[in-house]
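Undergrad: First the structure, which I've put down as structure tokens, then a few questions once you've had a look.
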Amino acid sequence: MTNPSPDSIAPSLALIEQLAHEAISTLPEPFREPATHIRLRIEEFPDEDMLDELQLDDAFELTGLYDGIPLTEKSTADQMIKPDVIWLFRRPILDEWCERGDVSIQELVSHVVVHELAHHFGWSDAEIAAIDRWWE
């Protein structure tokens, strides 16, 4: 049996994480430095609590999630209870990547990371959608 080519192997959790870090490293200032303080978590799927909180029935509907307090709502007097986290969900990302067929995995991961970072910087989904027609 021959080994599959690297192009035919589904990207791993580690590769998705690497691509996310690369996306952050290429951000323009003043966004790059604050983005490096957000913890990245890469999982196969969102857990049931996340889906319940977002009122989603299908785990494939969620490619990423920002979990934290947006910079626009933070105060220097606030005590940090938990770190800001961007969650990326491998299986929903791969599903969208396959369905689209017109973007690279790097482009898709970068897009999800930037979308979740926008929430960290205080943007709502509506504000993001006004300038980003990615999912239309």
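We did not get these values from a lab; they are worked out from the coordinates using the rules stated. Since the structure is predicted, the reported quantities are computational estimates derived from the model, not experimental observations. Backbone-built Cβ (ideal geometry, glycine too); neighbour counts: all protein chains shown.
Undergrad: Go through Gly101, His111, Ala126 and say which Cα lies farthest out towards the positive end of the charge dipole of the chain; charges sit on Cβ, +1 for Lys and Arg, -1 for Asp and Glu.
TA: Toward the positive end, the furthest listed residue is His111.
Undergrad: Taking every DSSP beta bridge that has both residues in the chain, what percent is antiparallel when rounded to the nearest 5?
TA: Roughly 45 percent of the beta bridges in the chain run antiparallel, per DSSP.
Undergrad: What angle, in degrees between 0 and 90 and rounded to the nearest 10, separates the Cα long axis of helix 13-25 from the longest principal axis of the Cα atoms of the chain?
TA: So the inclination is approximately 50 degrees.
Undergrad: Moving on. If you rank Ile24, Ile9 by fewest surrounding Cβ atoms within 10 Å, what's the result? Write out the running numbers ahead of the final one.
TA: Numbers: Ile24 20, Ile9 10.
Ordered by Cβ neighbours within 10 Å, fewest first: Ile9, Ile24.
Undergrad: Relative to the longest principal axis of the C-alpha atoms of the chain, give the angle of the C-alpha long axis of helix 90-100, reported between 0 and 90° and rounded to the nearest 10°.
TA: In the chain, helix 90-100 runs at an angle near 60 degrees to the longest axis.
Undergrad: Mind sorting out which of (1) 61, 35, 30; (2) 44, 40, 29; (3) 56, 35, 29 is the real Cα extents along the principal axes in Å computed from the coordinates?
TA: For Cα extents along the principal axes in Å, the calculated option is (1).
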